[in-house]
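Inspection log for the structure reproduced underneath, given as structure tokens.
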Amino acid sequence: MKQRGLHGITGGIHRRAALLLLPLVLSSGACAGSGTPSTPDDSPGIRQDAETGYWYGTNDWIEYRPGTLPVILSAGHGGALEPGSIPDRSGPGIVTVRDSRTIETTIAASDALANLTGERPHVVISHLRRTKLDPNRDIGDAALGNPEAERAWREYHGFIDMAKEDVTAEPGTGLYLDMHGHGHDVQRLELGYLLSGDELETLDDAALDVLDGEGTSLEGLAARTEEPFSSILRGTESFGGLLQAGGVPSVPSPRWPDPEIDTIPGSEPYFSGGYSTRRHGSVDGDPIDGIQIEHNFRGIRETPQARAAYSEVLAEVIVTWVGRWY
Ligand SMILES: [Zn+2]
């Protein structure tokens, strides 16, 4: 892994952040086709804490802790704040269940990386409860037209864009991990690369190698290396393979090349990656690859001890992966 000095980047990010944040936050809304003309007054509440260097969105609903590793973690579904000024999200297909303890798990992962490397990843957190904002959806379903929720959505993705800008500047490539929690029966991590469970089951390794990552959140990585895509996705050195070797059951991996474990095809629930993984991963060959990590609860998220033990394994896997690919 390329190491960078803290001081160089600290000065750099503060300078660049001031210039970059507002245009990025505002253009994010424009990209999503909100149709709302943006002005610099749109996010007057953004501030940076002078002591910690952390950034906060309006009302401190969104938080960004800048890091120096080429790794970005986001937690969009773990928040608890329920401001009365935003109506509860509801309607057909609107999901509001909270991914409990995912903010704590994300911070534990940052701590484990700091213990292991002396440096920290970039961390972006939504403190809003999912009844108020779902940042893992496009702005329409995320905020259901509420201006305050829309602003928080733009700040959340604007902060991730800021982190990506920093990683892209140096070392140039990196990894985005969107941290979630699932309630499925099978206690294992579900790693989402924008391939459905059916696709993982239908495509054999030869077909995956021909696909070469196209349309997945690792498309950029697949294009930069000669490594067969099946190996990157579910071989012994894949993200899931490394986790599995560290004692953390994961799919896809050599143990579970696809989600199926019973005899009924297509029956096993599996999250394949959502809006954030598509937007911030390397679907179009971008330099930042993405993985959605859906965590089971038992033995992973449930206690501080479990989170710390899991995070030690995750940090080792991240360091191995980053050292190899970026
Ligand atoms: Zn989630």
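Remarks
- Note on H182, H77: ascending count of other Cβ atoms within 10 Å places them as H182, H77, the fewest first.
- Cα-projected label distance for A114 with T303, points at 7 Å along beta-carbon direction, nm: 2.4
- Of the peptides 112-121, 129-138, the ranking by mean beta-carbon count within 10 Å, highest at the top, reads 129-138, 112-121.
- Ordered by the number of other Cβ atoms lying within 10 Å of each residue's own Cβ, fewest first, H295, H184, H127 fall into the sequence H184, H127, H295.
- If the segment from D262 to V97 were pulled out straight at 0.36 nm per residue, it would be longer than the present Cα-Cα gap by 56.7 nm.
- Cβ charges +1 (Lys, Arg) and -1 (Asp, Glu), total dipole of region 138-200, debye: 120
- Scanning the chain for long hydrophobic helices, with DSSP H runs required to stretch 27 angstrom or more by C-alpha along their axis and to average at least -1.0 on the Kyte-Doolittle scale, returns 6-31, 147-169, 304-325.
- Paramagnetic reach from D212 in region 220-244 [backbone N under 20 Å; point 7 Å along Cα→Cβ]: 220-235
- Shape category assigned to region 247-319 from the gyration tensor of Cα positions, a/c cut at 1.5: oblate
- In this label model, Y54 and T236 are separated by 4.2 nm, measuring between points 7 Å along each Cα→Cβ vector.
- DSSP assigns beta bridges within the chain; of those with both partners inside it, close to 35 percent run antiparallel.
- The chain: calculated mean residue ellipticity at 222 nm from DSSP helix runs of at least 4, using -39500 (n - 2.57): -12500 deg cm²/dmol
- Span from the region 134-166 Cα centroid across to the region 237-293 one, whole angstrom: 24
Values in this text are rule-based calculations from the coordinates and carry no lab data. Not measured: the values here are computed from a predicted model. As a convention, Cβ positions derive from the backbone with ideal geometry for all residues, glycine included, and neighbour counts pool all protein chains shown.
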